[in-house]
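See below for the structure under consideration.
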Amino acid sequence: MSEHDFTELYSHYPALIGQMSETFTSHEFILRLAQQHQKLYIEALYAYRDLLHRGEHAPFMIVHGILAQHLAAIPALEQLPSVPSADIFGQSNECSQWRKR
């Protein structure tokens, strides 16, 4: 797996969480992160550009998974059950929901 240092992206989590509603999904958070920190987001995607998932290039899926998993490390958030949600491409699936503590 490609190595990428997500430290700078993670450093923006507290401010982004402050902008989110009381409850939000991983998809909503990642979209806001991508909008506000485009250069860092694109650098992360580029680092994973050649990785495959089920024989297909999947940098978005891999990077989004890493970004979403890091939300669990934030003490100010409580993870709620998964909910139906559209991903960044508008495709329906499920993702975690979060509540501010």
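Every number here is computed from the coordinates shown, using simple stated rules; none is lab data. Keep in mind that what you see is a predicted model, and the values were worked out from it rather than measured. Note that each Cβ is placed from the backbone with ideal geometry, even for glycine, and that neighbours are counted across all protein chains shown.
What distance in nm separates the two pseudo spin-label positions at GLN36 and SER11, each 7 Å out from Cα along the beta-carbon direction?
If labels sit at GLN36 and SER11, their model points lie 1.5 nm apart.
Distance between the C-alpha centers of the range 77-101 and the range 1-21? Whole Å please.
When both Cα centres are located, 17 Å separates them.
Got a sec? Which residues in the range 15-34 would a label at ALA58 touch, if it sits 7 Å along Cα→Cβ and we count backbone N under 16 Å?
Correct set: none at all.
Of SER11, SER26, SER85, which has the largest mean-square fluctuation in a 10 Å C-alpha GNM of the chain?
With Cα springs under 10 Å in the chain, the top fluctuation among SER11, SER26, SER85 is at SER11.
Per DSSP H run of at least 4 residues, take -39500 (n - 2.57); add these up for the chain, divide by its residues and hand me the 222 nm value, nearest 500 deg cm²/dmol.
On the way: 5 runs with 46 residues, N = 101.
Computed ellipticity for the chain at 222 nm equals -13000 deg cm²/dmol.
What percent of all Cα-Cα pairs in the chain falls into each 10 Å bin, going from 0 up to the bin containing the maximum distance?
15, 49, 32, 4
Gaussian network model of the chain, Cα springs within a sub-10 Å range: biggest mean-square fluctuation belongs to which of GLN69, GLN38, GLN91?
Of GLN69, GLN38, GLN91, the Gaussian network model singles out GLN91 as fluctuating most.
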